[in-house]
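Written below as structure tokens is the structure these notes are about.
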Amino acid sequence: MSSLINSVNPWLVAVGLNTILLGLAWIAPKKLLTPAGLFHAWFLAILIWVTLGWQGYAVVMFYFLVGSGVTRIGMAQKEAEGIAEKRSGARGPENVWGSALTGALCALGVGIINSGFIVPSPQFLVPNTSATLSTSLQSLLLLAYVASFSTKLADTTASEVGKAYGKSTFLITTLQPVPRGTEGAISLEGTLAGIVASVAIAFVGWGVGLIDLLGVVWCVLAAFIATNLESVIGATLQSKYNWLTNEVVNIFNTLIGAIAAVLIAWTWISIIK
């Protein structure tokens, strides 16, 4: 099946598949995306399919479906407390790109390498390895791609589970008790759920061949680091700057996760070599 898909023009497959899915999402009774969000998600999905194939598409779809599902956990309770996501969790363009901009840029980087725009000479080798620059860069971009979505799913899951089931929530900077839904608040229940979510999507990335098993570890570590740093940003900076919206913070969050995974992997390679 995968060889048949690969033999067809990826643009035709991407446009056809995602147009069908967009139509189904449009008529579905439960709206996971706003009309504008549908168009932006359609564009994003085409970009991912063309650059990373069905493997990259599987990762982003897993994030979207699981992320949408956990957003609806305890929705009635969260709406009553005024801490639910707006539009009952339906995602608009700002949510799409807040969650996926980092991943999309990583995918574009891989696409540029695969297109042949980057053709390193044989002498350009990563120190102490036999990998060419393009091979190493592509592997790191794929790791960053998976790590960005591991980070975002961990953040979404930790936040939503914490708001629904967190028995005790604390401000990450002071560890003082605060109400559920407070920016920068963390809970044991949410933190554990976030770790489970990051492990799950990292294994999806491994299962489809984007990363190896060691990459799963790097993604989970990076997601944990980035999610906690995002909470620090929420507790210290977000209320001070109007431009620092939740969507902008999400971009920083996923970027930190992607960079952290790459740095951890690069450090590990340097140590073992």
**Report entry** Under 5 Å, built H, 5+ apart or other chain: amide partners of Ile211
**Finding:** Trp206
Query raised in the report: Which value, in Å² and to the nearest 10, is the accessible area of Phe39 when all protein chains are kept and the probe is 1.4 Å?
Result: 110
Requested in this report: Note down the nm distance, to one decimal, between modelled labels 7 Å out along Cα→Cβ at Lys240 and at Phe43.
Outcome: 3.3
Requested in this report: State, to one decimal in nm, how far the label point of Ser168 lies from the label point of Lys31, with both points 7 Å from Cα in the Cβ direction.
Outcome: 4.1
Query - Amide proton proximity set for Arg91, modelled H, under 5 Å, gap of 5+ - result: Leu33, Thr34
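Grab the Cα-Cα distance for Leu214 and Trp268, subtract it from 0.36 nm times how many residues apart they are, and report the gain in nm with one decimal.
Extending this stretch completely gives an extra 18.4 nm.
For an R0 of 22 angstrom, estimate the FRET efficiency from the Cβ-Cβ distance between Met75 and Leu17 and round to the nearest 0.05.
About 0.15, to the nearest 0.05.
Suppose every Lys and Arg Cβ carries +1 and every Asp and Glu Cβ carries -1, with no other charges. What dipole size does region 144-273 come out with about its Cα centre, to the nearest 20 debye? Let's see the in-between values first.
Numbers: 6 positive and 7 negative charges, 27 e Å.
Here the size comes out at about 140 debye.
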**Report entry** Spatial separation of Cα centroids for region 8-48 and region 152-169, in angstrom
**Finding:** 28
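Give me the 1.4 Å probe accessible area per residue for region 204-271, excluding ligands and nucleic acids, in Å². Working shown, then result.
Details: 3440 Å² over 68 residues.
On a per-residue basis, region 204-271 sits at 51 Å².
The values are calculated or read from the model by the stated rules, or taken from the named source; none is laboratory data. Just so we're clear, the structure is a prediction, and the values are computed from it rather than from any experiment. Please note: Cβ atoms are built from the backbone with ideal geometry, for glycine as well, and neighbour counts cover all protein chains shown. Each accessible area value is taken on the protein alone, full model and side chains, heavy atoms only, with ligands, DNA and RNA left out. Shrake-Rupley method; radii C 1.70, N 1.55, O 1.52, S 1.80 Å.
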